[in-house]
Amino acid sequence: MNLLSERIETLAESATIAMSRKSRELREQGHDVISLSLGEPDFHVPPFIKEAAIQAIREDYSHYPPIPGYKDLREAISHKFQRDNGLGYRPEQIVVSTGAKQSIANVVLCTINPGDEVLLPAPYWVTYHEIVKLAGGIPRIIETSIDNDFKVTRKQLENQFTARTRLVIFSSPCNPSGSVFTEDDLEEIAGFLRDHTQVLALSDEIYEHIQFGSQHASLASRPNVYDQVVTINGLSKGFAMTGYRLGYIGAPAWLAEACTKMQGQFTSAASSISQRAALAALKADPEELKEMQQAFHQRRDLVIEALEAIPGIKTNHPQGAFYVFPDISALLGKSAGGRYLESSNDLCLYLLEEARVALVPGEAFGSPDCVRISYASSEDTLKEALQRIKNAVENIAP
Ligand code: PLP
């Protein structure tokens, strides 16, 4: 019997989840699998944030919070936007949600009608694509290339524009490429928005605190686009708080109001305990996060150096997040381990079976020439994984 809706039947399973399930199966069979497929920091939540959560329980923060989030938390977020991003969002322009994932779902469901088109520069984060489909929207994928550091240009956006285009979604620092948009890169998108005032942009800045050297730049701070931009952020990545499920938006007031209405019917609000923990996190000096940033920086360098020593792999030099997204197309069309490597998916399966290393195929992000390698693991684990990848790649017939 199948009583499922078409909606759920056509929804793709998260590719990262599919790969981790396969790894788990191999592990259960006794194999030593290293997973470089996950999208979460391998650090613990800083102690002062944990204390705030415990304190909230003691203080009986156990009732339904206001739908868009506690007022003092939204004030702290408003202050954070000003302090870190030069953005003026009043508390009533802020909606706190159960993870940035829900924030994105709220925005898409509130702005996209069936048949509306959404521009997705690839590589894009998998969830954007699926949420757009859930809303009945049509994802229009724009290819970018490793030679341009995976940045979309104004001309490319313009080429895909139609009368039904309503939204552009991108992340900086980017999951999966790790690319960081500079002010000039953002200006490409801003210029496009100014020419099309009925188009909104969703600027996903959840990896803001994981950048190496560059100063974070926010799309909404470019001149004359503020009213067309929704800024997404959250606590999962920068504060290693993935399980707390806390994300938020800064948006034009009309859209924040709509997202509050939407959320009121789905989750009512983000968890009261997580909101109190988030308040402590956001009030803290961003310097508190330096140690984690430095660890990621060091690991990025280690991974790039190791990848550059593997023939057939062309590596990007990402400035943020905790992923590298090398081009592996030179390894395709060849055979290894009795398997013909037609796609990056085949290569990832080969590496999982042969090297016992789990990566995520680029197909999941709309970039089939690449694979995503997450370096949210210890240096020793990364060294071992990269050595295994090197050995397995060397066994691919020339
Ligand atoms: N945006 C991007 C680009 C992400 O990579 C992720 C998590 O992987 C999210 C949003 C969602 O984060 P959250 O844990 O806050 O739902």
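Please treat every number below as a calculation from the coordinates, not as lab data. Since we're looking at a predicted model, the values are computed, not measured. Ideal geometry is used to build each Cβ from the backbone, glycine not excepted, and the neighbour counts take in all protein chains shown.
Using modelled backbone amide H atoms (1.01 Å from N, in-plane), which distant-in-sequence or interchain residues come within less than 5 Å of residue 141's amide H?
120
Can you compute the helix-only [θ] at 222 nm over the chain? Use -39500 (n - 2.57) per DSSP H run of at least 4 residues, normalise by all residues, nearest 500 deg cm²/dmol.
Per the formula, -12000 deg cm²/dmol.
With θ set to phi - 60° and the Karplus curve 6.51 cos²θ - 1.76 cosθ + 1.60, what are the ³J(HN,Hα) couplings of the stretch 304-318 in order, to the nearest whole Hz, using x for Gly and Pro?
Couplings: 4, 4, 5, 5, 5, 8, 9, x, x, 10, 9, 9, 7, 10, x Hz.
How would you order 300-308, 28-36 from highest to lowest mean count of nearby Cβ atoms within 10 Å?
Packing proxy ranking, top to bottom: 300-308, 28-36.
Label points 7 Å out from Cα along the Cβ direction at residue 384 and residue 158: separation in nm?
With each label placed 7 Å out from Cα toward Cβ, I get 5.3 nm.
Using a 7 Å offset from Cα along Cα-Cβ at residue 31, what residues in the stretch 312-355 end up with backbone N under 19 Å from the label point?
335-355
Just need the relative contact order of the stretch 247-398 here, percent rounded to a whole number, with Cα pairs under 8 Å and 6+ apart.
Result for the stretch 247-398 is 20 percent.
In whole Hz, what ³J(HN,Hα) sequence does the stretch 284-298 give by Karplus (6.51, -1.76, 1.60; θ = phi - 60°), x for Gly and Pro?
6, 5, x, 4, 4, 8, 4, 4, 5, 4, 5, 4, 5, 4, 5
With point charges of +1 on the Cβ of Lys and Arg and -1 on the Cβ of Asp and Glu, referenced to the Cα centre of the chain, which listed residue (124, 199, 332) lies farthest in the positive direction of the dipole?
The one lying farthest along the dipole's positive direction is 199.
Order these peptides, 172-185, 372-385, 334-347, by their mean beta-carbon neighbour count within 10 angstrom, highest first.
172-185, 372-385, 334-347
Could you quote the convex hull projected area for the chain, Cα atoms only and averaged over all directions, in nm²?
That works out to 20.6 nm², a quarter of the Cα hull's surface.
What number in nm² do you get for the stretch 125-204 if you take the convex hull of its Cα atoms and divide its surface by four?
Average projection, Cα convex hull of the stretch 125-204: 5.1 nm².
Working from Cα positions, state the angle (0 to 90°, nearest 10) between the long axis of helix 100-111 and the longest principal axis of the chain.
With both axes taken from Cα atoms, the answer is about 70 degrees.
Amide H neighbours of residue 229 under 5 Å, counting only residues 5+ apart in sequence or on other chains, H built in-plane at 1.01 Å?
Close amide H contacts, sequence-distant or interchain: 201.
Output ³J(HN,Hα) for the stretch 44-58: one whole-Hz value per residue in order, computed from phi by the Karplus curve 6.51 cos²θ - 1.76 cosθ + 1.60 with θ = phi - 60°, and x for Gly and Pro.
Taking θ as phi minus 60°, the curve returns 8, 5, x, x, 5, 7, 4, 4, 5, 5, 5, 4, 5, 5, 4 Hz for the stretch 44-58.
Under the rule of at least 5 residues apart or a separate chain, name every residue whose amide H is placed under 5 Å from the amide H of residue 372.
360, 362
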